[in-house]
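Working notes, beginning with the structure itself.
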Amino acid sequence: MHRINEAASDSARARNLTHRLYRYPASMSPMITRALIEKYSNRGDLLLDPFCGGGTSAVEALGLGRKIICSDISPFACFITRAKATPLHNKNIEKFCDWIQKETVILEKYKPQNPIPLEVNGKQYAPLTYSTILKLIRDTENISNANTRRLAKIVVLNVARRSIDGRSKIIPYYLVSNVFKRVSQEVIADIRKCCNGARPDEHYFFERDSLKVINCDAKRLANRLSEFKNKIRLVVTSPPYPGVHVLYNRWQVHGRRETDLPFRLLGYNSSRAASFYTLGTRNSHEASENYQDQMGRVLSSIYELMAPGAVFAQVIAFPKNDGHHITEYERLMKNTGFKPLQPNLMKIQRSVPNRKWYTQIDKNKKQPIEHIFLNRKA
Ligand SMILES: C[S@@+](CC[C@H](N)C(=O)[O-])C[C@H]1O[C@@H](n2cnc3c(N)ncnc32)[C@H](O)[C@@H]1O
């Protein structure tokens, strides 16, 4: 418990392993995740994260010699998790570096001929910058190996995010090459760090065959993963937060205009409303009931998959000073059959990272506070 407390008070940003490859909204602290995995599982154990988001649990579980099944309703989240935690062969890392070098040279002189604007809510933005980003994402298709291509797409996603998301002004196209250089240097440095100490002939982030990623609604996991019923030794996860709306699937352009660009850049269907990814409805009175109904079904599904006695560790943020959602959540856990560990609930005074959240009940939009819930399957 001491280690978990220590990890909870560590506010340092994670720089190790592959966490930096993409900063997913409301991601778990890698330090807390590591401490939970170390305390409640052993090497070789099979873990589950039903809301894997940006893959924090995958990276930490594999780094600690565990196996893990990661699932998320968002194909974007599954993509990021795979990119961060899939072993990469040495020769593919070299191919990736070659691609970066080639694109760096092209970008220095590149100016789009027939620029297309980025359309957001009927308004048009930055055609030259947007077209440069589209060209980069198209160029990733020249890479034949799927794992290498995924890494190249991660670079382009980061370039696009830094150029567009949350900026009062989108950066001009002639500066995209600088962003590209910076991002790719960071990605290459992180991959190389992870590969140190790997087998001499091959570079791996992690052991092969230790990661399974599926794009699935957590309510359906018990059906989808029926061969793993009663086999999961630890569930470590961070579900969508009750009463706190997070923008998992959108970026924001010029202040608060929302775009599904991150999905579109990866070629995913982006027609879903933001509430699809938050187990609730934004700005709705039914949101809380809707959340509890859906979460109740998620918990039953997870319960079936867990081995008797296995621990369910969750990191959840609640709006500040909001006892109601916490009590409701504890009731849901109890009704499903979970037994709290002692002490069950720890408060983490941590700001939710890369946060794009809105609380429904706190009109002053005070910062949500994270809590760790620790339960066991009876
Ligand atoms: C708090 S985030 C998880 C962040 C993750 N732990 C990390 O470190 O990056 C919650 C995730 O739940 C996913 N999600 C929401 N509703 C879901 C559902 N019904 N089934 C599965 N995943 C869902 C969202 O897409 C989002 O990625």
Matching residues, the range 58-116, being among the basic types (Lys, Arg) and under 22 Å from Tyr268 (Cβ atoms): Arg82, Lys84
Give the residues of the range 60-112 that are of a type in the set (Lys, Arg) and touching a residue at least 40 places away in the same chain (Cβ under 8 Å), sorted by residue number. Arg66, Lys67, Arg82, Lys84, Lys95, Lys111
Of everything in the range 14-28, what is farther than 15 Å from Pro240 by Cα, within 13 Å of the ligand (Cβ to nearest atom), part of a loop (DSSP other than H, G, I, E, B) and not β-branched (Val, Ile, Thr)? Give them in sequence order. Ala14, Leu17, Tyr22, Arg23
Take Leu46 and decide whether it is away from the ligand (no atom under 12 Å from the Cβ) and in contact with a helix residue (DSSP H, G or I) (Cβ under 6 Å, 6 or more places away or on another chain). no
Quick check on the range 220-241. Is at least one of its residues touching a residue at least 40 places away in the same chain (Cβ under 8 Å), within 30 Å of Arg162 (Cβ to Cβ), surrounded by fewer than 21 Cβ atoms within 10 Å (Cβ to Cβ) and under 20 Å from the mean Cα position of the chain (by Cα)? no
Sole residue being modelled with pLDDT under 95 and among the charged types (D, E, K, R), chosen from Lys193, Lys153, Lys111, Lys102: Lys193
Enumerate the strands (runs of 3 or more DSSP E) found wholly within the range 38-133, keeping only those where 3 or more residues are surrounded by 19 or more Cβ atoms within 10 Å (Cβ to Cβ) and assigned by TED's automatic domain parsing to the domain that holds Ser27. 46-49, 67-72
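The values are calculated or read from the model by the stated rules, or taken from the named source; none is laboratory data. Computed from a prediction, not measured in an experiment: that's the story for all the values here. Quick reminder, even Gly has a Cβ in these numbers, built from the backbone with ideal geometry, and neighbours come from all protein chains shown.
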